[in-house]
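Just below is one structure, and these are the notes that go with it.
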Protein chains: 2
Amino acid sequence: MAQKPSIPKGTRDFSPEEMSRRNYIFDTIKSVFHLYGYQQIETPAMENLSTLMGKYGEEGDKLLFKILNSGDFLKDVADEDYASKNLVKLTNKMCEKGLRYDLTVPFARFVVQYRGELQMPFKRFQIQPVWRADRPQKGRYREFYQCDADVVGSDSLWNEIELLSMIDTVFGKLKVRVAIKVNNRKILTGIAEIIGAADKIVDITVAIDKIDKIGIDNVNEELRVKGLSEEAITKLQPLLDMKGTNEEKIATLSELLKESETGLKGVEELRTVIEGINDLGHNCEIDVDVSLARGLNYYTGTIIEVKALDVEIGSITGGGRYDNLTGVFGAPGLSGVGISFGADRIYDVLNQLNLYPDSVNSSVKVIFVNFGEKEAAASARMVKLLREEGVSAELYPDAAKMKKQMSYANSQNIRFVAIIGESELEQGTINLKDMNAGTQETLTPGALVEKLKNA
Amino acid sequence: MAQKPSIPKGTRDFSPEEMSRRNYIFDTIKSVFHLYGYQQIETPAMENLSTLMGKYGEEGDKLLFKILNSGDFLKDVADEDYASKNLVKLTNKMCEKGLRYDLTVPFARFVVQYRGELQMPFKRFQIQPVWRADRPQKGRYREFYQCDADVVGSDSLWNEIELLSMIDTVFGKLKVRVAIKVNNRKILTGIAEIIGAADKIVDITVAIDKIDKIGIDNVNEELRVKGLSEEAITKLQPLLDMKGTNEEKIATLSELLKESETGLKGVEELRTVIEGINDLGHNCEIDVDVSLARGLNYYTGTIIEVKALDVEIGSITGGGRYDNLTGVFGAPGLSGVGISFGADRIYDVLNQLNLYPDSVNSSVKVIFVNFGEKEAAASARMVKLLREEGVSAELYPDAAKMKKQMSYANSQNIRFVAIIGESELEQGTINLKDMNAGTQETLTPGALVEKLKNA
């Protein structure tokens with residue numbers, strides 16, 4: 001006998017129940033993207049490796065899944081390279097394509113490739129899987145979905161405000177309590193400047209980004225190791241320790257960063273964004289947080305991160321403003337801002353809190369029991385009528401024992417079970433059981449359609 | 001400057017316009033799958049090569065995209081195999097995973113892997129891309145979507161009748177005129193038996209499957225080359241030349257195949273299926289066609305194929321009954337029947353006939369022109385209100401020249417343009433232009449919401 005089949009580690013199958021739940025999340029996010037005027041694109045799973053390599057750092061290059069050229073994959077490998085067994089050189093010659101690692105680089109490639117045809121500002125969303133050859137572990141997969149929304153070609157801060165409003169709307173609809181943290185990369189630059197360590201901005205932001213995880217003492221220790229002076233560290237403390245409302249924090253920053261032009265520009269941007277979203281109104285908590293850094297080398301203005309309040313799971317959405325996404329593909333000067341919903345983590349949050357509406361957990365609305373040829377034929381006609389009225393319905397295909405058919409209905413979580421047996425066939429009626437209410441009634445075809453359309 | 005980026009040959013990017021059209025097709029098919037009680041699953045893009053290899057014939061093995069093992073991909077390659085440069089041996093050692101080639105093998109793997117947990121009959125649908133290293137050409141891609149629906153664990157012919165009804169419903173909703181051709185593999189076996197060439201069934205079905213393309217004379221010539229006797233070919237002619245209604249064809253087959261037990265069983269199955277779908281009612285043409293073969297080695301009962309009547313494009317949907325899909329994974333005895341909608345060809349058909357409803361070609365319902373800080377703030381509040389009422393809306397993010405903003409609205413095919421300028425701001429009103437009708441009116445916020453909700 002063949003071995004029991006399996007799937008590659010770090011990948012997942014999704015059962016009907018899991019798909020209903022995931023679709024509920026994706027459909028909710030998608031509907032909000034549409035409400036906000038974002039339009040969907042899709043890009044191929046495979047990109048040229050020349051598009052992907054060098055975009056995610058040296059570590060990222062190793063985590064790309066590479067696709068062996070079809071046909072004679074050795075034909076471009078020089079004999080000396082083959083003899084050397086140099087893995088990088090061999091890969092470069094044997095593989096032209098790789099699986100996409102995120103949606104950001106393919107989007108940048110897309111914008112540059114079709115720049116002449118795209119009307120700016122271009123507001124796109126994209127919901128597709130990405131692949132990473134990471135070591136699989138709990139909550140980390142080799143294939144997972146990203147849900148990105150970005151605007152390019154507009155540097156207006158209205159875009160940031162709208163993105164915050166969109167995040168608020170998505171989590172409102174999903175009924176997940178979250179806090180949105182907001183910062184600005186220019187404030188981080190300003191902080192580095194005023195503590196006299198502008199050249200150490202990367203070290204500073206990497207360190208303070210960990211403040212939630214490791215605490216302020218360990219952050220300070222890391223900064224010392226990185227060569228920051230005690231004076232600089234002392235100057236940094238009031239910034240890390242800011243308390244109060246967003247307005248108070250903005251006022252404090254304004255004061256502390258008054259010697260840094262860039263820093264003040266960041267504070268003003270932050271103020272505009274916070275006042276803008278407050279003016280529009282929002283349901284979830286929005287916090288100014290100067291320890292927020294997220295991929296510093298990438299963002300140039302606003303930085304956004306979302307955390308679930310009721311589940312310990314890290315960031316479930318993040319994003320920000322970037323001023324040179326497309327530069328690497330030869331089209332500099334396009335500013336963009338975007339966010340990425342972490343679909344798999346949001347899925348984990350909803351599962352833990354069981355936040356799915358009831359409708360997510362059932363399949364069809366009604367199943368007709370199969371009592372044999374004539375009864376099944378009458379049932380099939382009724383099923384067809386219901387479907388024409390938009391009611392999902394099915395006929396059990398086999399005239400199996402009642403118990404087996406009921407067990408199927410039960411396992412599928414089907415609310416209504418309809419019976420056309422001998423007597424119903426004679427009378428032209430349907431016996432309908434409501435499995436939730438535990439009731440049953442005998443209905444005419446017309447009454448059945450009305451009842452199920454409104455149930 | 002960097003080279004203009006591109007994507008791998010045979011793959012495609014989909015623009016917002018293309019995505020709207022594709023989503024219209026996928027959403028229509030998906031809604032029908034749900035109406036009929038099929039439930040969605042997803043499987044990973046990457047499968048173990050041990051799952052995929054040997055399932056699609058020798059040619060298929062070559063067309064699988066294989067993924068280079070991450071890390072030291074040479075570690076399992078023996079020195080002698082490395083020295084030999086044997087491509088197949090090297091591939092086997094360097095690659096453990098491949099991209100899925102269709103949705104059928106992953107489904108079979110899924111059914112076997114979770115057999116203990118699945119309630120039979122299991123009605124699943126799956127809409128995901130597949131990858132084939134085919135030579136790219138017009139209408140043939142290296143990445144394309146398949147939309148499959150299958151039932152396993154029931155051999156009732158009600159499943160076939162329902163699938164025919166489902167096809168009829170899908171193309172009815174898409175407004176594509178089609179003919180569904182139906183045959184039964186057992187009839188083909190019967191034909192081979194009664195013409196005394198049971199051992200040549202593969203050659204016979206391969207040849208007669210081409211009758212539409214090459215004509216009857218060439219089919220006969222091919223059969224001669226394959227070693228069929230003149231007597232057998234003569235006996236075959238009335239079968240290939242059957243005329244009349246489905247009922248007449250079935251009667252003729254009954255008579256012609258009366259010496260073949262298998263053949264008669266096929267005729268009875270075909271009769272049940274045709275009578276069943278006629279009893280339910282259908283809109284599209286359904287034709288009994290004994291020349292229909294489709295992947296003979298795979299199907300064991302009913303065979304189904306759909307052709308568009310108004311576009312020359314070949315088969316746009318196909319499927320049938322298979323009795324041993326899961327046997328190759330060590331779980332024999334599960335009968336299944338399914339169909340696969342050819343999404344990319346259906347997309348081509350709808351494009352050629354321009355069958356999309358108007359709603360498919362527009363993005364948001366209304367855009368607010370941006371006249372600067374105060375006006376934009378009032379517009380943003382109005383936009384938020386509209387979204388809360390389910391109306392998709394956007395604010396142009398920059399206070400750009402009117403002409404530029406209107407050109408954006410126009411390029412996005414947005415029907416309504418709303419203006420809150422100085423005077424509207426003062427009066428608390430909105431000026432709304434209907435770009436389709438060429439009219440404009442001044443509305444209160446409440447009236448605007450009502451108008452756009454119902455537009």
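Details
- For the range B:229-235, Karplus couplings with θ = phi - 60° (6.51, -1.76, 1.60), whole Hz, Gly/Pro x: 6, 4, 4, 5, 4, 4, 4
- Two-decimal ratio, chain A, of alpha-carbon radius of gyration to 2.2 N^0.38 Å: 1.26
- On the range A:221-265, 52 percent of the accessible area sits on carbon and sulfur atoms, based on a 1.4 Å probe.
- Counting only DSSP beta bridges with both residues in the protein assembly as shown, the antiparallel share comes to about 80 percent.
- Stretching B:Ser254 away from B:Arg381 to a fully extended chain increases their span by 38.4 nm, per 0.36 nm per residue minus the current alpha-carbon distance.
- Förster radius 30 Å - calculated FRET efficiency between A:Glu261 and A:Glu221 (Cβ-Cβ, nearest 0.05): 0.45
- Close amide H pairs (under 5 Å, H built 1.01 Å from N) link A:Cys147 with A:Phe341, A:Ala343, residues at least 5 positions away or on another chain.
- Each residue was assigned an accessible area with a 1.4 Å probe, and for B:His282 the value is about 60 Å².
- Other-copy label distances relative to B:Tyr356, 7 angstrom Cα-Cβ extension, nm: 3.3
- Each peptide in A:53-62, A:153-162 was scored by the mean count of other Cβ atoms within 10 Å over its residues; highest first, the order is A:153-162, A:53-62.
- Between 0 and 90°, nearest 10: helix A:104-113 axis offset from chain A longest Cα axis: 80
- Extension gain for the segment A:Ser229 to A:Asp287, taken as residue separation times 0.36 nm less the Cα-Cα distance, is 17.9 nm to one decimal.
- With its label point defined 7 Å out from Cα along the Cα-to-Cβ axis, B:Asp79 lies at 2.0 nm from the matching points of the other copies, in increasing order.
- The modelled label-to-label distance between B:Glu59 and B:Ser411, using points 7 Å beyond Cα along the C-beta direction, is 4.5 nm.
- Angle in degrees between helix B:261-280 and the longest Cα principal axis of chain B, rounded to the nearest 10: 30
- Nearest-0.05 FRET efficiency for B:Val206 and A:Glu373, computed from C-beta distance (R0 35 Å): 0.45
- Taken about its Cα centre, the range B:212-282 carries a charge dipole of roughly 120 debye when the Cβ of each Lys and Arg holds +1 and the Cβ of each Asp and Glu holds -1.
- Each Lys and Arg Cβ is given +1 and each Asp and Glu Cβ -1; about its Cα centre, the range A:73-229 then shows a dipole of about 580 debye.
- For a modelled paramagnetic label at B:Glu422, 7 Å from Cα along Cα-to-Cβ, the residues of the range B:352-377 in reach, with backbone nitrogen under 19 Å, are B:369-377.
- Per residue, the protein assembly as shown exposes 42 Å² of solvent-accessible protein surface, assessed with a 1.4 angstrom probe and all protein chains in place.
- Simple label model, 7 Å out from Cα along Cβ direction - B:Asn361 to B:Met120, nm: 5.0
- Here the range A:90-139 has an Rg and Dmax of 15.1, 44 Å, counting Cα atoms alone.
- Inter-chain Cβ neighbour count for B:17-24, averaged per residue, equals 2 (cutoff 10 Å, partner chain atoms only).
- Rg/Rg_ref, the protein assembly as shown, where Rg_ref = 2.2 N^0.38 Å and atoms are Cα: 1.07
- Carbon + sulfur, % of accessible area of the range A:9-157 - ligands and nucleic acids excluded, 1.4 Å: 45
- Per principal axis, descending, Cα span of the range B:337-455 in whole Å: 65, 28, 24
- Checked against a 18 Å cut-off, the cross-linked pairs B:Lys9/B:Lys93; A:Lys123/A:Lys265; A:Lys62/A:Lys89; A:Lys186/A:Lys249; B:Lys210/B:Lys307 give Cα-Cα distances beyond that limit for B:Lys9/B:Lys93; A:Lys123/A:Lys265.
- Label-to-label distance, B:Glu312 versus B:Asn278, with points set 7 angstrom from Cα along the beta-carbon direction: 3.3 nm.
- Size of the range B:132-212: Rg and Dmax of its alpha carbons, in Å, are 17.4, 45.
- Fraction of antiparallel bridges per DSSP, the range A:328-438 only, in percent to nearest 5: 40
- Counting Lys and Arg as +1 and Asp and Glu as -1 over every other residue whose Cβ lies under 10 Å from the Cβ of A:Thr51, the net charge comes to +3.
- Taken over the range A:202-337, the alpha-carbon convex hull comes to 145 cubic angstrom per residue.
- Relative contact order of the range A:221-334, pairs being alpha-carbon contacts under 8 Å that are 6 or more residues apart, as %: 14
- Fully extending the segment from A:Ala78 to A:Thr245 would add 53.7 nm, taking 0.36 nm per residue of separation and subtracting the current Cα-Cα distance.
- B:Glu42 long-range amide H proximity, modeled H, under 5 Å: A:Phe14
- The long axis of helix A:445-454 is offset from the longest Cα principal axis of chain A by roughly 20 degrees.
- Annotation for the B:A interface, with buried accessible surface near 8800 Å², both sides summed [1.4 Å probe; non-protein components not counted].
- Cβ crowding within 10 Å averaged over residues, with B:70-79, A:426-435 ranked highest first: A:426-435, B:70-79
- When you count the other C-beta atoms within 10 angstrom of each residue and take the mean per peptide, B:443-450, B:132-139, A:329-336 line up highest first as A:329-336, B:443-450, B:132-139.
- Per-residue mean of foreign Cβ neighbours for A:383-393 is 4 (Cβ atoms of other chains, 10 Å radius).
- Whole-number percent relative contact order across chain A, with pairs defined as alpha carbons under 8 Å at least 6 apart: 15
- Counting only other chain Cβ atoms within 10 Å of each residue's Cβ, the peptide B:117-130 averages 3.
- Dividing the mean sequence gap of close Cα pairs (under 8 Å, 6+ apart) by how many residues the range B:308-441 holds gives a relative contact order of 19 percent.
- Pseudo-label separations to other copies for A:Lys4 - Cα-to-Cβ vector, 7 Å, nm: 5.4
The values are calculated or read from the model by the stated rules, or taken from the named source; none is laboratory data. This is a predicted model, so every value here is computed, not measured. Note: ideal-geometry Cβ built from the backbone for every residue, glycine included; neighbour counts use all protein chains shown. When the accessible area is computed, the model is the full protein with side chains, heavy atoms only, and any ligands, DNA or RNA have been set aside. Shrake-Rupley method; radii C 1.70, N 1.55, O 1.52, S 1.80 Å.
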